[in-house]
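Reading through the structure tokens given below for one structure.
The values are calculated or read from the model by the stated rules, or taken from the named source; none is laboratory data. Here the structure is a predicted model, which is why all the values come from computation and not from measurement. Cβ placement follows ideal geometry from the backbone for every residue including glycine, while neighbour counts extend to all protein chains displayed. Heavy atoms of the whole protein, side chains included, go into the accessibility calculation; ligands, DNA and RNA do not. Shrake-Rupley method; radii C 1.70, N 1.55, O 1.52, S 1.80 Å.
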Amino acid sequence: MALREVVKVPAPVLRRRAQKVTEFGPELQTLVDDMIETMRAEPGVGLAAPQVGVPLRVIVVEYGDDEDETIPPKLFTVINPEFSRASPELVSGTEGCLSIPGFVGDVDRHESLTVKGFNRRGQAVSIKANGWLARIFQHEVDHLDGVLFVDRDEKVWRVDEQTTQVSIVDNESP
């Protein structure tokens, strides 16, 4: 396993639709292992292959229970993810992105959904996600379609981590 560099805006790979995975061989296994290590080192709760410069439809998500920290986080790897069901209810929440450091914004996302795709070995998976887990999956799948969270919000906040100062950035995409 190796850490990979997280690409930042305006890297062109972040704005392109990623290609479907057709081979589940050693190269994919290395990519998945590297993405997990990179996500944890950043630290993040999700990472899409385009964020490490690879234009493939691969995401990793690791999310724990906010209410019970004794439960270890669950790791998900989904290849060629698609949403088979999404609730009509939308919920606003604040998001940030490893590829857009220093910015956050409020984004409306489906409250719950079902993600279908394949695990790293090519076996079909179906994941029912609610709340923040559903939000993370939507954020990461957006990356596979060349969409960034700043595209879904009219107001974005610049966060200065040194001073914790927050300022609104209108109609400006980082």
request  = Among the strands (runs of 3 or more DSSP E) lying completely within the range 3-117, list those that include at least 2 residues that are open to solvent by 60 Å² or more (accessible area, probe 1.4 Å) and out of contact with any Asp or Glu (no Cβ under 6 Å at 6 or more places or on another chain).
outcome  = 74-86, 103-110
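Okay, residues lined up against (1) more than 28 Å from Ala2 (Cα to Cα); (2) of a type in the set (Asp, Glu); (3) in contact with a helix residue (DSSP H, G or I) (Cβ under 8 Å, 6 or more places away or on another chain); (4) modelled with pLDDT of 95 or more:
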| residue | (1), (2), (3), (4) |
| --- | --- |
| Ala48 | no, no, yes, yes |
| Gln51 | no, no, yes, yes |
| Pro73 | no, no, no, no |
| Pro81 | no, no, yes, yes |
| Leu113 | yes, no, yes, yes |
| Gly122 | no, no, no, yes |
| His139 | no, no, yes, yes |
message = If Ser126 satisfies all but one of (1) touching a Leu at 6+ places or on another chain (Cβ under 9 Å); (2) of a type in the set (Ser, Thr, Tyr); (3) at pLDDT 95 or above; (4) surrounded by fewer than 19 Cβ atoms within 10 Å (Cβ to Cβ), what's the number of the condition it fails?
response = (1)
key: Test: Gly146 is in a loop (DSSP other than H, G, I, E, B), at pLDDT 95 or above and not acidic (Asp, Glu)   = yes
inquiry  = Given (1) under 19 Å from Asn130 (Cβ atoms); (2) in contact with a Ser or Thr (Cβ under 7 Å, 6 or more places away or on another chain), identify the lone condition not met by Val104.
reply    = (1)
